[in-house]
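Here the structure comes first, spelled out in structure tokens, and everything after it is commentary.
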Amino acid sequence: MTPAFDNSTLWQRVYEHLHSEIMANRLPPGTELSEVALSKQLSVSRGPIREAMGRLAADGLVTVRPRRGAEVRAITPRELVDAYQVREALEVLAVRLAVPRVSEADLDSLSELVDKMAEHAKNDSVADFFTANVSFHDLLCELSGNEKLVEVHRRLVAETGRFQPQTLALRGNLENSVSEHRAILAAIREHDADEAAALAAAHVRVPGERLRESLGAQEWDTLTASRTPG
């Protein structure tokens, strides 16, 4: 069914719709995004679509080509490894900045998200698990108090989020991930910044290292072409 949009924050509604379609791989890498076609499909003018494209480009999800339209951006295995390395550095910094600032209410919020992850892991609800997972890491970055860190981290998560099933295959299983999050949270609760930072680094590093070891393998040559349902 074609989504209906009203005039308030129209570009943002278009953005959210396209963002969801890209993250679910219903618009896989390389898909052409025509303003004319989208205008007809979504029953909106081309102005809001153009604004939404700009935001998606800023998120690293779309490549806008002058006079040639836009397309869903592909990401190579090498770029994915690089993204994990940068994300590791950002999350280590986030933890170190957050530990002295964290309140009991903040800890309760983080704990609630880990509990949600555990419940989704138990039910094998992969999409819901990753939603809670992203919220945990996003909140941890917000607690750092560094807005630029949050901005860059969100872009990295947006770029790599399309490959959650591959990330899970690299990491192992959902239960392992839950255990790692609980350990990070326990160290934060003890205000042990060094331990929390080390655990956060190891948690983010695992899939990146395993992917780097796999570079050159045929299955990773086709990583960006995979289409996994959301």
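The values are calculated or read from the model by the stated rules, or taken from the named source; none is laboratory data. As the structure is a computational prediction, the values presented were derived from the model and not from experiment. Glycine also receives a Cβ, built like all others from the backbone with ideal geometry; neighbour counts cover every protein chain displayed. These accessible areas exclude ligands, DNA and RNA; they are computed on the full protein's heavy atoms, side chains included. Shrake-Rupley method; radii C 1.70, N 1.55, O 1.52, S 1.80 Å.
Would you be able to say whether some residue in segment 93-114 is closer than 22 Å to ASP59 by Cβ and basic (Lys, Arg)?
Within segment 93-114, not a single residue is closer than 22 Å to ASP59 by Cβ and basic (Lys, Arg).
Does any residue of segment 14-28 turn out to be assigned to a helix (DSSP H, G or I), over 21 Å from the mean Cα position of the chain (by Cα) and surrounded by fewer than 19 Cβ atoms within 10 Å (Cβ to Cβ)? Spell out how you get there, then give the answer.
Taking segment 14-28 first, the residues assigned to a helix (DSSP H, G or I) are 14-23.
Among the residues that remain, those that are also over 21 Å from the mean Cα position of the chain (by Cα) are: none.
No: zero hits.
I need every pair where a residue in segment 102-126 that is closer than 20 Å to MET23 by Cβ has its Cβ under 6 Å from the Cβ of a residue that is surrounded by 12 or more Cβ atoms within 10 Å (Cβ to Cβ) and small (Gly, Ala, Ser), sequence separation at least 6 or different chains.
Partner pairs satisfying both residue conditions: LEU113/ALA132; LEU113/SER135; LYS116/ALA132; MET117/ALA132.
With respect to the numbered conditions (1) among the charged types (D, E, K, R); (2) at pLDDT 95 or above; (3) within 30 Å of GLU71 (Cα to Cα), which one is the sole condition not fulfilled by ASP194?
All conditions are met except number (3).
Which of (1) modelled with pLDDT of 95 or more; (2) surrounded by 15 or more Cβ atoms within 10 Å (Cβ to Cβ) is the odd one out, the single condition ALA83 does not satisfy?
(1) is the only condition that ALA83 fails.
Find all pairs meeting these conditions: Cβ atoms under 7 angstrom apart; at least six residues apart or on different chains; first residue within segment 172-193 and buried (at least 19 other Cβ atoms within 10 Å of the Cβ); second residue of a type in the set (Phe, Trp, Tyr) and modelled with pLDDT under 95.
Qualifying pairs under 7 Å: LEU174/PHE129.
Looking for whichever is open to solvent by 30 Å² or more (accessible area, probe 1.4 Å), in a helix (DSSP H, G or I), of a type in the set (D, E, K, R) and under 14 Å from ALA196 (Cβ atoms) here; the options are GLU88, GLU112. Which one fits?
Step by step, each of GLU88, GLU112 is checked, and only GLU88 is open to solvent by 30 Å² or more (accessible area, probe 1.4 Å), in a helix (DSSP H, G or I), of a type in the set (D, E, K, R) and under 14 Å from ALA196 (Cβ atoms).
Can you tell me how many residues within segment 31-79 are open to solvent by 40 Å² or more (accessible area, probe 1.4 Å) and in a loop (DSSP other than H, G, I, E, B)?
The qualifying residues number 9.
Which residues, taken from segment 135-172, are hydroxyl-bearing (Ser, Thr, Tyr) and at pLDDT 80 or above? Can you show your working first?
Restricting attention to segment 135-172, the residues satisfying the condition of being hydroxyl-bearing (Ser, Thr, Tyr) are 135, 144, 160, 167.
Hits for segment 135-172 are SER135, SER144.
Residues to consider are THR9, THR76; find the one that is out of contact with any helix residue (DSSP H, G or I) (no Cβ under 8 Å at 6 or more places or on another chain) and among the polar types (S, T, N, Q). Can you show your working first?
Working: THR76 fails: out of contact with any helix residue (DSSP H, G or I) (no Cβ under 8 Å at 6 or more places or on another chain).
Just one listed residue meets the conditions, THR9.
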